[in-house]
Every structure is written in structure tokens, then in C-alpha cells.
Amino acid sequence: MSIAILGIGPVSALGCGIASLKDGLEGTNRPAIHNHSIETATGEVSLPVYQVEIQGLDRFVPRASLRRIDRFSQMALLAANLAIEDSEAALPEDTSRVGIIFGSAYGPAQTSFRFLDGVIDFGDNCGSPTLFTNSVHNSLASLVSMSLRILGPAYTVTCFHQTAKTLFKTAELWLENGIVDRAIIGLGDEYCPVLGYAAANLVSGFSEIRPFDGRDCTYIPGEGFVCFLLGRDSEASRTVLSSDDDGGDYVFLAANGEREGSDGYRRLLESGRRCAAYSPLFGSMPLGIAFDIAVATLSVRQGHIYPAPASNFSTPVSLGEKESIACVQHWKGGGFSIRLGKPSRSN
Amino acid sequence: VKTGNATKKKPAGVAGLGCICAAGARVDDIMSAMYAGTRKAAAPQRIQADIADPPPVFEVPSNCDKIEGPSSRTLRLCLAAVEEALDNAKLTASDLRKVRLGIALGTTVGCTLNNEPFYRDCKAGKNPEIVPVSNYLNSNPAIYLAGLFKARGPVATLANACSSGTDAIGLAKSWIENGLCDMAIAGGCDELSRIAYLGFFALQIISPAPCKPFDRTRSGLNLGEGAGVMVLESLDSAGYRNKRPLAYVTGYGSACDAYHPITPHPEGIGLSKAIAVALADAALPAGQIAFINAHGTSTVENDRVEGRVIARMFPPLIHVVSTKAYTGHTLGAAGGLEAVFTVRGLLDRRLPATVGFQEEDPECVVVPTRENVPVAGDAGLSTSLAFGGTNSALIFETEEQ
């Protein structure tokens with residue numbers, strides 16, 4: 001089965017929304033990278049981090065109501081609203097026919113640590129109930145359901161690199177089985193100093209992400225959140241995707257400088273297929289394939305492959321009406337791919 | 001209500017059950033403890049909190065805690081329950097490698113990167129080793145089991161707060177029905193965590209005494225820990241093994257309140273919808289449900305809302321039990337444990353008393369079991385209400401007896 005991508009809402013170090021994404025892909029906008037000084041057992045490390053500056057959320061949500069919403073939740077809420085705004089079809093009036101499926105590798109980790117700060121600094125009976133509530137993994141999905149009055153099912157999935165596969169497969173089942181008519185799926189993570197500390201201890205030297213270098217770890221942490229509004233393929237006029245399908249005239253690799261999955265990416269590169277990677281625009285994230293899917297969606301809509309920071313073919317290049325793009329993620333012992341194209345091609 | 005019924009082709013059978021919790025380390029022991037009305041709520045032993053009169057918890061007894069294996073206690077509890085479920089299903093690990101196996105597990109603590117000693121050292125500038133981070137990366141419940149059993153089917157760790165275990169079973173049911181796998185290990189697992197203990201304390205919904213679900217004087221929940229899992233199997237697979245399923249998971253529904261982060265909608269709109277979807281999925285009228293294993297946390301709001309929804313949707317004398325009176329609230333594990341108890345209630349043809357319940361609360365409308373009661377019927381419902389306003393319901397059926 002294929003499903004329709006009706007809207008995308010990207011929130012990344014390139015900015016918030018499709019215009020920022022497009023500018024970043026065309027090279028007129030650079031990702032925001034901030035350096036953090038981190039003390040490790042072997043000395044101080046300067047850690048670059050791709051970071052999000054949340055902008056424009058007050059177009060969708062009253063500023064006053066954001067007071068108790070943590071930063072990661074704000075990213076998700078903004079991404080969901082941007083995806084709906086980008087949609088070619090409105091949400092159904094009966095919002096019990098809309099479902100939410102969110103995924104992250106680490107959840108609201110920074111909020112968890114802020115809860116612990118209260119306990120450590122002021123005592124066991126001084127933890128903040130608000131921070132505890134927001135530290136639960138499904139708080140993002142909860143917030144979006146409340147804000148958009150969505151009454152259908154809501155899942156939060158956390159399986160590191162395998163998360164995207166589970167999300168898209170679940171959305172497909174929900175749509176195919178008539179559980180929902182629309183699914184908002186969202187993937188992302190928030191940087192926090194503890195993750196930075198781990199990265200600083202695991203990686204030796206940070207210069208730039210080299211997606212096709214499978215020998216050295218060239219990981220540079222990133223953060224962000226992307227939402228997709230999905231519907232049935234019969235509703236698609238711009239983009240459809242089919243999961244478990246690695247066919248495609250172009251392949252976007254979720255290679256991001258990690259060693260995880262690098263063998264799979266190397267095999268694809270050696271196969272002679274036309275491969276590109278965009279992680280140097282977004283940072284290294286276990287769920288970074290979400291940004292590749294956003295780029296692929298935009299590419300299908302615009303009819304060209306955007307300039308890629310890493311590729312084994314010349315970019316930009318036109319994407320034919322019948323051509324499609326596979327987004328591929330590999331991990332130790334497995335992989336996942338989805339193919340995106342125009343509706344006539346994939347239906 | 002539109003459901004997956006129209007396309008349902010491969011019903012999901014329940015092949016085996018496994019549990020570990022404060023009431024015991026095996027399903028038979030736990031059921032015996034519940035039928036005997038014994039429970040073991042006590043001040044926490046494994047976690048320490050600088051709180052006057054620490055509220056009681058339901059911890060897995062130390063004589064049940066001999067499980068070896070991964071560093072994550074949540075995962076060790078899970079493995080104990082999985083081992084029992086496989087034994088109950090008469091399956092070995094090598095059998096699982098021959099089929100398309102799916103893994104769906106719910107958890108909350110088990111997917112949270114907040115190792116407190118590590119964070120304290122980070123915060124104090126002590127440059128701790130990052131072993132706790134590595135352990136966390138290697139302890140994702142579903143990924144760990146998928147690696148252990150070389151699973152070739154779908155994999156999901158669900159973090160839907162207190163409905164995680166219920167939703168994991170519901171998701172695995174859909175995998176079997178849609179032919180994505182032949183078998184699935186599904187349920188929930190969670191260890192008792194100091195951070196969760198302090199968090200619920202901060203929310204002021206922990207009871208200072210053993211909980212009293214649906215009681216007029218109830219004053220909050222007790223936290224617990226454990227794991228409850230089941231092996232689900234397609235009928236083709238069961239036929240191939242020449243095994244008859246213990247029961248069938250025939251209905252599942254999930255819906256949001258879209259109301260409040262921690263308080264259920266006063267009219268229980270999400271729970272009502274989830275139950276209605278589950279009933280439609282099972283193609284059963286409410287009157288065919290023999291009993292309900294309620295979420296029944298013993299908080300003022302949960303029990304009031306849940307009781308009212310049950311009273312509104314089901315016949316007046318339907319049996320309602322809260323097994324959290326014996327297990328405490330095991331968070332991500334709760335739905336898994338309670339699904340197992342629901343199946344056992346159908347198989348045993350009886351339900352335990354809701355220990356702790358004494359005084360009816362007109363606000364709850366329903367009156368839970370006061371004593372062990374016989375089950376007359378072949379369908380049981382298990383409900384979950386979660387932080388974030390997620391509500392889920394599972395229906396299990398046994399063949400007519």
C-alpha cells in the first residue's frame with residue numbers, strides 16, 4: 001500500500017517551515033551551529049551542535065499558553081501546525097478520525113534532567129510536578145492532541161534507528177484498516193548537555209559530518225522535529241510514499257557520520273546507484289531519516305533533486321515525472337526504506 | 001464506528017502468558033495470591049527517598065529477583081515474564097527464529113535517559129564514565145528482545161505512559177491480523193524508579209497507605225513494578241504447531257481526551273470512544289462482556305471518571321475488578337499485567353476481590369468485586385487511562401465453555 005504525504009512541517013537548524021528548508025537546500029540559508037564547551041576526563045572539548053531556534057509558533061498558539069510548554073514540545077507543536085498548514089487538504093471535522101504517532105530516540109531528556117535538578121538542588125520533595133509531567137515520553141503527542149483537539153489514537157514510539165520504520169508502518173495500518181482518515185506522524189529529538197557530554201566522550205574530534213566516510217565517526221549532534229500529515233493514496237495529488245520499498249531512481253541515505261549502519265550505506269554506494277545525503281544540513285540524529293523524507297517530499301513536489309552536501313552524482317538535477325526517490329536507513333542488523341514519488345508513478 | 005473489522009483476516013490467538021510483579025514471579029502464583037486476597041505493599045526497599053513516611057510501593061520480592069542478564073532491571077523483569085510466556089506457549093527461542101516474530105513492548109522508565117547517579121556526577125563536574133549512557137542505548141526493550149530472538153517481524157517500544165502495555169498488545173494484534181508477522185511477544189515492563197516515585201509524589205497522587213480502588217475514602221495510587229507479556233499467534237501458526245490458543249484478542253481501541261496532561265476528561269470521552277471502538281472491533285455488544293479489569297488506579301479522578309463510563313456503557317451488575325490493588329500501578333507494565341489477568345480471569349472462570357475496597361462511592365457509581373466472584377461469560381475487557389489523555393481498551397475472548 002502507498003500513502004499520501006499531504007503536508008510536511010520541518011523544524012531544524014535551518015529554520016522553521018518549508019521556506020527555510022528550501023533556502024537551506026538551495027544554499028541561501030545555513031544551519032545554525034553553536035559551539036559548546038564540554039569538560040571531559042581527557043580535557044575540554046569544543047562541541048558543535050546543530051540547534052533549533054523556534055520561530056513562528058505564536059502564529060498557531062497564543063504566546064501566553066506556551067509558558068508551561070518545554071522547548072522540545074514546542075518544536076513538535078510547531079512542526080505539527082506547519083504540516084497542517086502545508087497540507088493540500090484540511091483535517092476532518094471529526095477529529096476522532098485523526099491519529100498521532102510520534103517518535104524520538106531520547107524523548108524529553110532535557111526536561112527529565114530539569115526535574116532532577118529540582119530534586120538535587122532543593123531536595124527529594126521539591127521536584128516540579130509540571131516538569132515531571134512534561135518529562136514523560138508521550139507528553140509531546142499529548143500536547144498536540146490537546147492543542148489541535150485531536151480525539152483519535154496517539155502513540156509514542158522509541159526504538160532509536162528503527163523508530164521511523166515503526167511510525168510509517170503504523171500509520172499505514174491505521175489508514176488501511178480504517179482506524180483513522182489522517183495521521184500526523186512526527187519524529188525528532190532535542191539536544192541536551194548530557195547527550196553532548198556523551199558525544200564529547202565518544203567521538204574524537206569534531207570538524208564536519210562526512211556521511212560517506214564509513215571508517216571514522218564524524219558525528220555532530222543535531223536536533224529538530226519533522227511532522228508529516230498523511231492520508232490515503234487516493235487523496236494524493238503531490239507525493240505518495242510506499243514503505244519497505246527501496247526501489248527508486250535516487251537514494252537518500254540517512255548516513256550521518258555515525259558508524260551505525262555504515263556497512264549498508266557503503267554497499268549502496270558501491271552498487272552504483274545515485275546516492276545523496278543531507279545530514280550535514282541538519283546534524284547527526286538517530287531519527288535523521290525524517291529530514292531526508294522531508295527533503296525528498298519537497299524534491300518530488302518541485303521536480304528536482306536539491307544540491308546535496310554529499311552525493312555520488314551531480315546535483316542539482318531534474319527529477320522526471322516518473323522518477324522516484326528512496327530514503328534509506330540502515331542499522332546494525334537491519335534497515336528500512338521508503339520510496340517517494342508522484343501519485344501516478346506509485347499508485 | 002469504523003474499525004479494522006472489515007479487513008480482519010487473521011485473528012490473533014493468545015498462545016502463552018507470563019508475569020512478574022509484587023504478587024509473585026509466575027502467573028499461577030500471582031493468581032493464587034489475588035484469589036487469597038493477599039498483597040504486599042510496603043515502604044520502598046530498593047529506592048530511598050528523603051520524604052517523611054515514604055508512601056508504600058509494590059516491589060518485586062527479592063526472592064523473585066534472581067534474574068541474570070542485562071543491566072536494566074526493567075529488561076530483566078521483562079525477560080522473566082517472556083521466559084514464562086514462552087514456556088506457557090510451549091515455544092523455545094529456536095522456534096521463534098523460524099517464524100516472522102514481532103516484538104511490541106510498552107514501557108516508561110525503561111526508555112528514559114535519566115540515570116540519577118550519572119547525572120549527579122555530570123552536574124558536579126566529576127566527568128563520570130558514560131557507561132550508563134551505553135547501557136541505556138543497549139536496553140531498549142523491544143530492540144533488545146528483537147536481537148535476542150533474531151526477530152524478522154515489526155519492532156516497537158511504545159512509550160504511551162500508563163497505556164503503553166495495552167497499546168503494545170493492540171499494535172501486535174494488528175500486525176497478526178494484517179499478516180505482518182506470525183507471532184508476536186507483546187506486553188509491558190517497568191521497574192520501580194526513584195524518579196517516578198518522586199514525580200508522582202510531587203503530583204500529590206500517591207496514597208500514604210495501600211490503595212483502595214473505587215473506595216469512597218481512596219487517596220491515591222501506589223507505584224509498583226513488573227512485567228506482563230503474552231505470546232500472540234496467528235491461527236495459521238497455531239494450526240501448524242497443532243496448538244489451540246488459550247484465548248483470542250478480538251477487540252482493541254484507543255482514543256485521546258485532548259483535555260489535560262494528567263487528568264482524565266470529566267465525561268471520559270476518550271475512554272468511552274476507546275471502549276466503543278474495541279467493542280466494534282470485536283463485534284460484541286457491551287452486554288456480552290463478562291467483566292472489566294479496570295485501570296482503577298485509586299486516584300480520585302481516575303476512578304470517578306472510569307466508574308461513570310463503565311456505568312454508562314455496561315449493564316448495571318457487570319463485574320469490575322482493579323488488580324492494581326495487588327500490583328500497584330506499574331506504569332508501562334500495567335496494561336500488560338492486566339491483559340494477562342483478564343485472560344486468566346476468563347480461563348479460571350473467576351475474578352479476585354478488589355482488596356482494599358470497603359466503602360461504595362456514589363461518585364464512581366460502580367462497585368468493584370468485594371470477594372472472589374465467578375465469571376459467567378467468555379469475553380473480558382481491560383482498560384487503561386494514561387497521562388496525556390490516552391485511553392485504550394482490549395477485549396479478550398475464550399471459546400464457549
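None of the figures in this text is laboratory data; all of them are computed from the coordinates on show. Everything numeric here is computed off the predicted structure, so don't read it as measured data. Don't worry about glycine lacking a Cβ; one is built from the backbone with ideal geometry, like all the others, and counts go over all protein chains shown.
The table that follows gives values for the structure above.
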| item | result |
| --- | --- |
| Mean projected area in nm² (Cα convex hull; one quarter of hull surface) for the stretch B:190-349 | 10.6 |
| Label-point separation in nm, A:ASP245 to B:ARG349, each point 7 Å along Cα→Cβ | 5.3 |
| Stokes-Einstein translational diffusion, chain B - Kirkwood Rh over all Cα pairs, 1.567 mPa s, 4 °C, in µm²/s | 63 |
| As computed over the stretch A:1-47, the Cα convex hull volume per residue (Å³) | 138 |
| Chain B: relative contact order as a whole-number percent, Cα under 8 Å and 6+ apart | 23 |
| Residue-averaged [θ]222 nm for chain A, counting only DSSP H segments that reach four residues, each worth -39500 (n - 2.57) | -9500 deg cm²/dmol |
| Hz values of 3J(HN,Hα) by residue in the stretch B:40-56 - Karplus curve (6.51, -1.76, 1.60), Gly and Pro given as x | 10, 8, 7, 4, x, 9, 7, 10, 10, 9, 7, 10, 5, 6, x, x, x |
| Other protein chain Cβ atoms within 10 Å, averaged over every residue that makes up A:41-51 | 1 |
| Cα pair count fraction exceeding 49 Å, expressed as % - the protein assembly as shown | 11 |
| DSSP bridge pairs, chain A: antiparallel proportion in percent, nearest 5 | 70 |
| Value of relative contact order over the stretch A:240-347, rounded to a whole percent, pairs C-alpha under 8 Å and six or more apart | 40 |
| Among the listed pairs B:LYS273/B:LYS324; A:LYS342/B:LYS150; B:LYS150/B:LYS324; A:LYS165/B:LYS173; A:LYS169/A:LYS332, those beyond 25 Å (Cα-Cα) | A:LYS342/B:LYS150; B:LYS150/B:LYS324 |
| Linear extension gain, A:SER234 paired with A:GLU26, 0.36 nm per residue minus alpha-carbon span | 71.7 nm |
| GNM flexibility winner over chain B from B:GLY226, B:GLY13, B:GLY377 (Cα, springs under 10 Å) | B:GLY377 |
| Cα-based convex hull, the stretch A:138-260, per residue volume (Å³, whole number) | 147 |
| Mean separation of Cα contacts under 8 Å (6+ apart) over length of chain A, as relative contact order % | 22 |
| Ellipticity estimate at 222 nm from DSSP helix runs (n ≥ 4, -39,500 (n - 2.57)) divided over chain B, nearest 500 | -9500 deg cm²/dmol |
| Shielding by partners, peptide A:193-200 (average Cβ within 10 angstrom, other chains) | 4 |
| Whether chain A is rounded, prolate or oblate, judged on the alpha carbon gyration tensor where a/c under 1.5 counts as rounded | oblate |
| The stretch A:99-154: C-alpha gyration tensor shape, a/c 1.5 cut-off, then a/b vs b/c | prolate |
| Separation of the A:SER314 and B:SER71 label points, Cα + 7 Å toward Cβ, nm | 5.1 |
| Residue-wise HN-Hα coupling along the stretch A:100-113, computed from phi with Karplus coefficients 6.51, -1.76, 1.60 (Hz; x: Gly, Pro) | 10, 9, 10, x, 8, 7, 10, x, x, 4, 4, 5, 4, 5 |
| Per-residue HN-Hα couplings for the stretch A:296-306 [Karplus 6.51, -1.76, 1.60; θ = phi - 60°; Hz; x = Gly/Pro] | 5, 4, 5, 4, 5, 4, 7, x, 8, 7, 6 |
| Considering only the protein assembly as shown, percent of DSSP beta bridges that pair antiparallel, nearest 5 | 70 |
